[in-house]
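*Asks:* Can you keep this structure in mind? I'll have questions shortly.
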Amino acid sequence: MIRPDWHIVEEWIAPRSRVLDLGCGDGSLMTHLIDRRQVSAVGLELDDDQVAACIEAGLNVIQEDLDSGIGDWFAPMSFDFVIVSQTIQAMRHPERLLADMLRIAREGIVTFPNMGYWRNRVQLGLLGHMPFNRALPNPWYNTPNIHLCTLTDFEALCDELGLEILDRAVVDSARRESALLRTFPNWFGEHAIYRIKRRVTGLK
Amino acid sequence: MVIASSHSVGVVQPQTALFTAPLVLDCGRSLPRYALVYETYGQLNEAGTNAVLICHALSGDHHAAGFNAETERKPGWWDSAIGPGKPIDTNRFFVVCLNNLGGCKGSTGPLSIDPTTDKPYGPDFPIVTVRDWVNAQYRLMRYLNLSRWAAVIGGSLGGMQVLQWSISYPDAIAHAVVIAAAPKLSAQNIAFNEVARQAIITDPEFHGGRYAEAGTLPRRGLMLARMLGHITYLSDDAMRAKFGRELRSGQVNYGFDVEFQVESYLRYQGTSFVDRFDANTYLLMTKALDYFDPAHDCGDDLITALAPARADFLVVSFTSDWRFAPMRSREIVRALLAAGKQVSYAEIESNHGHDAFLMTIPYYHRVLAGYLANIDLTLEPQAGIL
């Protein structure tokens, strides 16, 4: 099954790039990118079952806890793209990861569930309970998603970290495109997908 | 008689390969001729693309799987992983395991006759290094008419041989499986080896290594060395789980006899080892460990040392292994990544300490099996490396 954000990620990745997938799960996205973009890919993953699944799929995977830092593993600029797909909201320190990932790669691609999506707002603002739906399928007391944010929040963090947003796309789970989605992304985007890099500082 | 299960390679006979071309060693000396004893499991395919080499650790030998006799009770040292349907699947691979040079299980070593003196080498057997072993293993590969290993696999000191293979013969190894290893020993590792050596050397029955001529054995020294080794192979947790503070007779006797179960275990391990292992070989093996440091000749830069490698790598470590802790495997993985190699790394949760690499741990075996199953055997063996 293709996840809603994958086709956009695929479009942004140049053929034959070196790609690092942080929190790569069973490696399906890496396989997808290897098939479609002939990339060379490495994944990082903590879960035993997922690591084994990657190895069984013939993928390169490093078993590691993303929260313990990735800076040690990779030399600066050793990748063209680092992807963090649906993972950043589960990290203890998303801001450290964002800074680290753009030290080891030219560009980063980040996807996450948008807390500002109208359904989440209705559930919290009108119904008065934590969002619980397709994109956020866990109850508040037992969820890996400890750092949810909206598009606005994410963009503010990028700005603070000196990161430049190169591209932004939003989708809903059905991958529908609509005028609403384009005009009010922070209301109607269920998932956000960003392409970011380090801002070039004006050295004189 | 042992009832061979369908997952056992069954009864196997060791074979011997004789080499008459001198082998120049790192220490500057050379062996004019030597023998390597080995076992094989499974069938070599027609294209010759499915050969796998197993490298043994400190006290291992060529008998990695199956039984040497129908009456044998214990199978080879890595029978948990080698056999039909096991991770190193003998239905798919032709598996070779040898006793390294300097060994005491049939390959030329301190117990062998020195052709220049017609007496056993004893302590005069040259110091051998991991690189020397790999050079000898390469000759065995040629002797077996193989041009390339689909994989070279080893744990601990065996993993060091795998690393050396990838550096010394990059075209002759397609996949490198490095388990519970380190890129070089730490000062603490060397310290443990030194205590083990001193235990042997200072045994009054050692006679400068010429104990055979004196008609004796440094039993106490070798036993102590093995007891010490065993402590470092197990984790604190594993020892607690296995023995706790359990007393053999149920009460303390206020003396120095064996009282705690752990003492009994260590003494048993020590004394049984003396009957099957040679003290001079033990000394040689610990030195090979100490000297292993492929980065040394490359300005202490492991990345440069691994640059020639062309193999794909699987690196595995175990969480409770403090002899070669996960940190040491991570050093290897980081260097491989920085050198641009294809590498996967799995860190196996286990409380068995260093010994875990010999155990049947489901996740560990799943990773090993999964990795090996992906090895492409349709590739033509590399030509032109004769």
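The values are calculated or read from the model by the stated rules, or taken from the named source; none is laboratory data. Please read these numbers as outputs of a predicted model, since none were measured by experiment. Note that each Cβ is placed from the backbone with ideal geometry, even for glycine, and that neighbours are counted across all protein chains shown. For accessibility, only protein heavy atoms count, side chains too; no ligands or nucleic acids. Shrake-Rupley method; radii C 1.70, N 1.55, O 1.52, S 1.80 Å.
*Asks:* Among the listed residues A:R182, A:R176, which satisfies the condition of being farther than 30 Å from A:I34 by Cβ and either surrounded by 17 or more Cβ atoms within 10 Å (Cβ to Cβ) or modelled with pLDDT under 95 (or both)? Lay out the reasoning, then the answer.
*Replies:* Numbers: A:R176 fails: farther than 30 Å from A:I34 by Cβ.
One residue alone meets the criteria, A:R182.
*Asks:* Name the helices (runs of 4 or more DSSP H) wholly within the stretch A:120-197 that hold at least 2 residues that are free of Cβ contacts under 8 Å to residues at least 40 places away in the same chain?
*Replies:* Details: elements: A:151-161, A:179-183, A:185-188.
Hits in the stretch A:120-197: A:151-161, A:179-183.
*Asks:* Which residue is farthest from B:E347 (Cα to Cα), if the candidates are limited to the stretch A:36-46 and must be open to solvent by 10 Å² or more (accessible area, probe 1.4 Å) and within 11 Å of chain B (Cβ to nearest Cβ)?
*Replies:* Checking each candidate, the answer is A:S40.
*Asks:* So which residues in the stretch B:133-172 are surrounded by fewer than 24 Cβ atoms within 10 Å (Cβ to Cβ) and either of a type in the set (D, E, K, R) or assigned to a strand (DSSP E or B) (or both), if there are any at all?
*Replies:* B:R139, B:R142, B:R148, B:D171
*Asks:* A follow-up question, please. Tell me which residues, restricted to the stretch A:59-76, are of a type outside the set (A, V, I, L, M) and within 13 Å of chain B (Cβ to nearest Cβ).
*Replies:* Passing the criteria: A:N60, A:Q63, A:E64, A:D65, A:S68, A:G69, A:G71, A:D72, A:W73, A:F74, A:P76.
*Asks:* Still on this model: Within the group B:A356, B:A288, which residue is open to solvent by less than 30 Å² (accessible area, probe 1.4 Å), touching a helix residue (DSSP H, G or I) at 6+ places or on another chain (Cβ under 7 Å) and more than 17 Å from A:W73 (Cβ to Cβ)?
*Replies:* B:A288
*Asks:* Please go through the stretch B:325-349 and pick out each residue that is of a type outside the set (A, V, I, L, M), touching a Leu at 6+ places or on another chain (Cβ under 9 Å), without any contact (Cβ under 8 Å) to a residue 60 or more places away in the chain and more than 8 Å from chain A (Cβ to nearest Cβ).
*Replies:* B:K341
*Asks:* Scan the stretch B:236-258 and give yes if some residue there is open to solvent by 20 Å² or more (accessible area, probe 1.4 Å), of a type in the set (F, W, Y) and at pLDDT 90 or above, otherwise no.
*Replies:* No: the stretch B:236-258 contains no residue that is open to solvent by 20 Å² or more (accessible area, probe 1.4 Å), of a type in the set (F, W, Y) and at pLDDT 90 or above.
*Asks:* Name every residue in the stretch A:77-99 that is within 12 Å of chain B (Cβ to nearest Cβ) and farther than 14 Å from A:K197 by Cβ, in order of residue number.
*Replies:* A:S78
*Asks:* Regarding B:G255, is this residue assigned to a loop (DSSP other than H, G, I, E, B) and under 29 Å from B:D355 (Cα atoms)? Spell out the reasoning first.
*Replies:* Values: assigned to a loop (DSSP other than H, G, I, E, B): yes; under 29 Å from B:D355 (Cα atoms): no.
No; evaluated as a whole, the condition is false for this residue.
*Asks:* If we scan the stretch B:298-316, do we find a residue that is more than 14 Å from chain A (Cβ to nearest Cβ), touching a strand residue (DSSP E or B) at 6+ places or on another chain (Cβ under 9 Å), open to solvent by 10 Å² or more (accessible area, probe 1.4 Å) and not aromatic (F, W, Y)? Walk me through it before giving the result.
*Replies:* As a first pass, look at the stretch B:298-316 and keep what is more than 14 Å from chain A (Cβ to nearest Cβ): B:298-300, B:305, B:308-310.
Those left that are additionally touching a strand residue (DSSP E or B) at 6+ places or on another chain (Cβ under 9 Å): B:309-310.
Now drop any that are not open to solvent by 10 Å² or more (accessible area, probe 1.4 Å), which leaves B:310.
From what's left, not aromatic (F, W, Y): B:310.
There is at least one residue in the stretch B:298-316 that is more than 14 Å from chain A (Cβ to nearest Cβ), touching a strand residue (DSSP E or B) at 6+ places or on another chain (Cβ under 9 Å), open to solvent by 10 Å² or more (accessible area, probe 1.4 Å) and not aromatic (F, W, Y).
*Asks:* Take the residues in the stretch B:180-215 that are of a type in the set (S, T, Y) and surrounded by 13 or more Cβ atoms within 10 Å (Cβ to Cβ), then tell me which one is nearest to B:I231 (Cα to Cα).
*Replies:* Of everything passing the filter in the stretch B:180-215, B:S186 is nearest to B:I231 (Cα to Cα).
So that you can scan it fast, the table gives a plain yes or no per residue for (1) under 26 Å from B:I113 (Cα atoms); (2) in a loop (DSSP other than H, G, I, E, B):
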{"residue": "B:L185", "(1), (2)": "no, yes"}
{"residue": "B:V195", "(1), (2)": "no, no"}
{"residue": "B:A214", "(1), (2)": "yes, yes"}
{"residue": "B:A225", "(1), (2)": "yes, no"}
{"residue": "B:D237", "(1), (2)": "no, no"}
{"residue": "B:Q251", "(1), (2)": "no, yes"}
{"residue": "B:Y265", "(1), (2)": "no, no"}
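*Asks:* Do we have any residue at all in the stretch A:21-35 that's of a type in the set (D, E, K, R), open to solvent by 40 Å² or more (accessible area, probe 1.4 Å) and facing another protein chain (nearest Cβ under 10 Å)? Step through it out loud before you land on a result.
*Replies:* The first filter runs over the stretch A:21-35 and keeps only residues of a type in the set (D, E, K, R), leaving A:21, A:26, A:35.
Next, only the ones that are open to solvent by 40 Å² or more (accessible area, probe 1.4 Å) stay: A:26, A:35.
When the remaining residues are screened for being facing another protein chain (nearest Cβ under 10 Å), the result is none.
No, the stretch A:21-35 contains no residue that is of a type in the set (D, E, K, R), open to solvent by 40 Å² or more (accessible area, probe 1.4 Å) and facing another protein chain (nearest Cβ under 10 Å).
*Asks:* Here's another thing I want to ask about it. Any chance you could count how many residues in the stretch A:47-62 are open to solvent by 10 Å² or more (accessible area, probe 1.4 Å) and closer than 15 Å to B:S329 by Cβ?
*Replies:* Adding up the residues that qualify gives 0.
*Asks:* Continuing with the same structure: Any residue at all in the stretch B:213-224 that is in contact with an Asp or Glu (Cβ under 9 Å, 6 or more places away or on another chain), of a type in the set (A, V, I, L, M, F, W, C), without any contact (Cβ under 8 Å) to a residue 12 or more places away in the chain and within 28 Å of B:L266 (Cβ to Cβ)?
*Replies:* Yes; the residues of the stretch B:213-224 include at least one that is in contact with an Asp or Glu (Cβ under 9 Å, 6 or more places away or on another chain), of a type in the set (A, V, I, L, M, F, W, C), without any contact (Cβ under 8 Å) to a residue 12 or more places away in the chain and within 28 Å of B:L266 (Cβ to Cβ).
*Asks:* Identify, from the list A:N145, A:N133, the residue that is more than 22 Å from A:V82 (Cα to Cα) and either loosely packed, with under 15 Cβ neighbours inside 10 Å or within 15 Å of the chain's Cα centre (by Cα) (or both).
*Replies:* Details: A:N145 fails: more than 22 Å from A:V82 (Cα to Cα).
So the residue among A:N145, A:N133 that is more than 22 Å from A:V82 (Cα to Cα) and either loosely packed, with under 15 Cβ neighbours inside 10 Å or within 15 Å of the chain's Cα centre (by Cα) (or both) is A:N133.
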